[in-house]
Each structure stands twice: as structure tokens, then as C-alpha cells.
């Protein structure tokens with residue numbers, strides 16, 4: 001199995017280092033955070049004191065390099081990759097994909113890059129919050145663009161499977177539109193709801209029960225993390241916010257004029273049912289021949305219909 | 001202890017009948033639902049086959065009458081109360097208060113009425129979903145208007161305490177404004193989010209994780225229940241929706257122009273902290289003399305600062 005070099009040892013990077021090690025891969029990390037470095041060393045993991053040293057080792061050992069730093073540090077990290085391991089097999093775990101795909105083209109053009117995003121996390125952060133089980137059964141998007149090397153894609157998919165997660169093929173643009181709707185917009189609506197509830201005296205807080213607790217839970221996430229992921233997905237998030245503003249405005253209009261919220265509540269209930277049905281219906285099993293000429297289209301079609309890859313057997317991706 | 005007559009044996013009414021019985025009160029119910037009637041009888045509770053019979057028994061026994069029917073049926077039920085138990089001690093458990101207070105004035109003006117709203121529930125409904133523990137440690141608003149008889153208020157407060165909940169004094173208007181923000185707006189935002197996520201193909205549903213699951217959970221509630229409570233609180237909900245639309249529009253503008261969501265995310269995090277602080281800070285203990293001339297104002301001030309009543313001792317309400 002190909003070794004793994006993880007740059008950045010926060011919640012996601014630290015969990016990936018643990019999971020790859022637990023799967024039997026040689027793995028090491030590097031981070032600018034002395035807190036995370038010390039904590040990872042205490043837990044028995046190999047951590048290089050300098051990112052360039054870790055990357056030169058990756059070049060020697062032909063390792064997969066995983067960029068697990070916050071979006072604002074991606075450009076600099078990719079430049080360091082280009083200087084120290086220019087031809088490596090490269091992936092990342094950042095929560096937006098189009099800006100990272102573009103940065104990889106610009107700053108690390110010789111690397112064989114596959115963008116990644118594990119749909120897992122907690123509101124905590126840092127090495128100490130991580131675990132080898134964080135990715136268990138999670139969806140993990142792996143990008144497919146025109147220039148993506150499918151051999152590299154297959155290798156990263158194997159790492160994802162080794163971490164207990166299931167690869168979901170998607171273009172960076174489709175990923176960013178989707179996460180704007182199901183991750184970034186929920187954070188904005190939670191922020192709006194938390195402010196509306198708290199800016200009107202103590203009685204609302206005293207009466208708040210399940211619907212408010214659920215609806216505001218992610219407003220407890222560290223603001224800098226929420227800002228980084230939302231602001232980094234600006235174009236897609238604007239579309240999603242406009243969709244929400246349109247629907248909320250329509251609800252307001254209907255309530256004020258006819259008094260009926262039937263359309264709004266009905267559409268919401270149907271949306272909830274669609275999610276519930278997706279989650280309770282077994283995904284059909286299948287196989288995609290990764291050596292076939294149309295494999296790229298077959299993978300993207302799998303992701304578009306909500307499918308995942310659950311295993312790799314020779315040239316075939318097992319889907320379900 | 002004064003007996004209790006519960007009209008309507010759904011989730012809330014059925015739980016109240018169980019809780020009042022468990023507290024040692026004589027209690028009976030009546031409902032138009034044959035399903036709930038049969039289920040309650042099987043569980044060993046006394047259920048009259050006709051509402052008027054249950055109410056005449058309430059008159060004979062000088063019981064507290066609890067109206068636990070959906071808002072659209074309140075007027076008719078109150079008329080039946082006025083015909084069969086006109087001078088009774090009367091309360092309700094409907095999720096909006098100003099319309100019920102007004103209906104009580106109009107249809108049951110001789111009854112000593114105290115509006116009530118237990119802040120407890122589940123997304124399930126009907127007798128079978130209820131339990132004697134449903135109200136444990138829940139806030140339970142009891143309205144205080146100019147005409148409210150504080151003797152009657154004290155008796156209903158004792159029933160609430162017997163059910164394991166804690167009375168929160170508030171005017172009907174303050175209650176309705178508060179629940180618009182922490183219950184009805186969350187249901188509308190959940191509906192909007194569930195529709196935005198589901199109306200854009202399968203990939204968003206495949207990637208949905210905690211923030212989306214939390215943010216859409218209450219969109220699974222039966223649409224007719226959501227509509228009844230939201231549409232019944234139209235004026236207050238319009239204010240809350242306008243507040244949310246203004247904040248979401250401001251977020252949209254900031255994201256489009258400067259790219260920063262700092263103000264939105266910061267305000268949301270402070271709101272979340274305020275809720276968290278309210279819930280983790282012990283409420284100061286105190287006593288309110290219910291026989292004092294300013295007791296009405298003292299009770300309303302208690303509710304406005306997020307306090308609750310935790311016991312009754314002679315003329316005193318114990319607060320905390």
C-alpha cells in the first residue's frame with residue numbers, strides 16, 4: 001500500500017492520519033501547529049517538524065500527499081508541495097472544491113491531483129477532537145475534471161475506502177453547488193435563527209425547545225471555521241441563499257395575503273420525505289469498469305444519482 | 001385536589017390525562033376521535049363518549065377543564081363548555097395564546113380562564129404517542145391578562161407542577177411573539193431548507209450530513225399540525241419572518257459585495273452562546289407573594305427575565 005503524508009493535523013487531517021495508520025499504511029504528518037504536533041507525537045504518530053521535510057520524504061517514498069489545511073492556507077501549502085514533491089499523487093480534504101482544483105492547477109500543475117471532501121466532522125476541532133472512526137460510512141467526494149488521471153483517482157479512492165468511507169464521484173462545480181445547499185446554507189440559516197431568537201429578550205430563550213435547539217445547533221461551531229467554508233464557496237452559496245430568500249419571501253407573501261402556508265410547508269415536507277427515502281432505500285449494487293472509455297461519464301452519473309463506491313476489485317469499482 | 005376533565009386526547013391532552021392521574025388527581029377525558037377513545041380506554045382511563053357528558057361531570061365535580069383540541073376546533077369546544085360547565089375553571093394547551101384568550105372571552109366569558117401552553121412535544125401525535133413524563137421539567141406558559149383571576153391562575157399552576165412542568169407567567173401577546181421566534185420560524189426555515197436541498201437532484205441528498213439533518217428535522221412533522229400552529233400565529237410570525245428575511249438579505253448583500261459573512265456568523269454565534277448560557281446558568285431562587293397587590297407585575301417580570309415557578313407554598317410562588 002502506498003504511504004500517506006498528511007499536511008495539517010486538525011480534526012480531519014488528524015483523523016485521516018489515524019485511519020490510514022490503522023488500515024496498515026505507513027503514514028506521517030506535518031503541521032504548523034505546535035499544539036497538534038505535540039499531541040500527535042504523544043499519541044505515538046510520526047510528525048515531522050517541518051512541512052518541507054515531510055514532503056521530501058513523500059517524494060522519496062512515492063506517497064499520497066493529503067493537503068488538510070484551511071482554505072486560506074491552501075495556495076501556500078500547494079507551492080510548498082510543488083517545490084518539494086512536484087510529481088506526487090496529491091489530494092486534499094478542504095470543504096470547497098472549485099477553488100482548490102484551480103489552485104492545484106496554478107500552484108502544483110505537475111502533481112496528479114484529485115480533489116477530496118469527506119462529509120464528516122464535529123463542531124470540535126484540532127488533533128485532540130479526531131479519531132480513526134470519524135469517516136466510518138461517510139460519503140467522501142472525489143473530484144473528476146477533464147484533466148483528472150483516473151489511475152490517480154483510483155488510488156485516492158482506495159485510501160478513502162481504507163479510511164472506512166465511500167467515494168462519491170462529482171465535478172468540483174457539482175460538489176460546490178450541493179454543499180452550498182446542504183452544509184453552508186444550513187449554517188447561515190442557523191446563524192439567522194440564533195440571532196432572531198436571542199435578540200428579543202429572555203422569554204424566547206426560556207421557551208426554546210427542540211425545533212429551536214435543532215435549528216441553531218451548528219451556530220455553536222467556531223465562527224472562523226464557518227466563515228472559511230461559507231466565504232470560500234461564495235458563488236454557489238449566493239445561488240443557494242437566493243433560492244432560500246425566494247422561498248421564504250413567498251411564504252411571507254402567502255401568510256400575509258391568504259394566511260396559508262400550505263405551499264411552503266408541503267414543499268418542505270416533501271423535501272424531508274425525499275431525504276428520508278434516499279436514506280432508507282438500499283442503493284442498487286453495480287460495477288463500473290474503470291478501464292472502459294466511458295468510465296469518467298459512468299462515475300459522474302453514479303454520483304449524480306446519489307450512488308457511492310463501496311469497493312475496488314481489479315479494474316472495477318463496486319457501487320452501491 | 002381538584003379533578004381534571006380533558007377535552008381532546010391527542011399527544012398533549014392524552015399525556016396530561018396520564019400525568020394528572022399519576023399525580024393522584026381524579027381525571028377523565030373526552031374526544032371526538034374514536035381511535036384515541038379506544039386506545040385510552042384500553043390503557044385503563046375513563047373516557048366519556050360525549051364531550052357534553054364529560055363537561056357536565058366537570059360542573060358537578062367542580063373540575064379544571066382543559067381544552068386540548070387543535071386551534072380550528074377551539075371556538076366550538078369553548079361554546080360546548082359554556083353550555084355545559086359555564087362557571088368552570090378553564091385552561092387550554094393550544095400553541096398560540098392571543099386567539100384562544102380572545103375566544104375564551106367571546107365564547108366562555110363566565111369561565112375563570114387561564115391560557116396555557118406546555119413547551120413539550122414530539123413529531124408524533126395521537127394518544128399512543130403520549131406519556132405521563134412528556135412534561136417533565138418543561139416550561140409551561142400560563143397567561144396573565146388584565147382580567148385573569150390569580151386564584152384560578154394559582155390552581156392551574158398547581159396542575160402544571162403536578163404534571164412535572166414549571167409554569168412561566170407571560171401575557172398572551174408576549175408568548176405569541178416568543179414562540180413565533182423559537183418554534184414557528186424554525187419550522188418555516190426547516191421547510192425552506194428541506195425544499196432547497198431536495199429540489200436540486202440527488203447529489204445534495206447523498207452529501208447531506210449533520211447540519212442539514214438537524215436543520216430539516218422538524219420538516220418531518222405532519223404538515224397540518226405545522227400549518228395550524230404557524231397560520232394561527234400569523235401576526236407574530238410575520239414579524240419574525242421579516243426579521244429573518246432582513247438578516248438573510250443582509251448576509252446575501254455582504255457576501256456578494258465584500259465577501260464577508262463576519263457580521264452574520266458572529267451574531268449567530270453570540271445568539272447560540274446566549275441560549276447556552278441561559279441553559280447552563282442556575283436561575284436565581286426567589287419567592288413571589290401571590291396575595292400582594294403587585295403580584296401580577298411580579299409574575300410577568302419573572303417570565304420576562306426567563307424565570308419559572310418551581311413550587312407553590314401557601315400564598316407564595318417559589319421561583320427558580
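Output the 0 to 90 degree angle, nearest 10, between the alpha-carbon long axis of helix B:51-61 and the longest principal axis computed from the alpha carbons of chain B.
60 degrees
Just the Cα atoms of the protein assembly as shown: what Rg and Dmax do they give in Å?
Rg then Dmax for the protein assembly as shown, in Å: 28.9, 92.
Evaluate peptide B:243-255: per residue, the Cβ atoms of other protein chains within 10 Å of its Cβ; return the mean as an integer.
6
On a C-alpha basis, how far is the centre of region A:1-58 from the centre of region B:271-320 in Å? Whole number, if you could?
For region A:1-58 versus region B:271-320, the Cα centre distance is 53 Å.
Post the alpha-carbon centroid distance, region B:209-263 to region A:117-181, in whole angstrom.
Region B:209-263 and region A:117-181 have Cα centres separated by 29 Å.
Specify, per residue and in Å³, the volume enclosed by the convex hull of the alpha carbon atoms belonging to region A:69-160.
It comes to 107 Å³ per residue, whole-number rounded.
So if I average 1/r over every pair of distinct C-alpha atoms in region A:176-280 and take the inverse, what Kirkwood radius in Å does that give?
So the Kirkwood estimate lands at 15.5 Å.
Extent of chain B along each principal axis, from alpha carbon coordinates, in Å, largest to smallest?
69, 47, 33
Using Cα atoms only, what is the angle between the long axis of helix A:295-304 and the major principal axis of chain A, expressed in degrees (0 to 90) to the nearest 10?
Roughly 30 degrees between the two axes.
Using only Cα atoms, tell me the angle between helix A:11-22 and the longest principal axis of chain A; keep it within 0 to 90° and round to the nearest 10.
Approximately 50 degrees, to the nearest 10.
Each label point is 7 Å from the Cα along the Cα-to-Cβ direction; what then is the distance between the points at residue B:281 and residue B:87, in nm?
The modelled label-to-label distance comes out at 4.7 nm.
Any number yet on Rg/Rh for region B:4-170, C-alpha, Kirkwood?
A ratio of 0.92.
Can you order the peptides A:228-237, B:49-58, A:253-262 by their average number of other Cβ atoms within 10 Å per residue, highest first?
A:228-237, B:49-58, A:253-262
Among DSSP bridges having both ends in the protein assembly as shown, what percentage is antiparallel? Round to the nearest 5.
35 percent
Assume the label is 7 Å from Cα along Cα to beta carbon: what separations in nm does residue A:35 have to the matching positions in the other copies?
Here residue A:35 shows inter-copy label distances of 5.3 nm.
Take peptides A:283-289, B:204-210 and line them up by average Cβ neighbours within 10 Å, highest first, as a rough protection proxy.
Highest to lowest by the protection proxy: B:204-210, A:283-289.
Measuring label to label, 7 Å along Cα→Cβ, what does residue A:106 give against each other copy in nm, shortest first?
6.4
Can you tell me which of B:75-87, B:3-15 comes out highest on packing, and rank the rest after it, using the mean Cβ neighbours within 10 Å? Could the numbers behind the result be given before it?
Values: B:75-87: 18.8, B:3-15: 26.1.
Top of the packing list down: B:3-15, B:75-87.
If each label sits 7 angstrom from Cα along the C-beta direction, how far apart, in nm, is residue B:257 from its counterparts in the other copies?
2.9
Shielding of A:233-241 by partners, i.e. mean partner chain Cβ atoms within 10 Å per residue? List each step's numbers first, then the result.
Working: counts 1, 4, 2, 0, 5, 3, 2, 5, 8.
Across the residues of A:233-241, the mean count of other-chain Cβ atoms within 10 Å is 3.
Any read-out appearing in this document is the output of simple, stated calculations on the displayed coordinates, not a laboratory observation. Quick caveat, the model's predicted, so the values are computed rather than measured. So basically every Cβ, Gly included, is an ideal-geometry build from the backbone, and we count neighbours across all protein chains shown.
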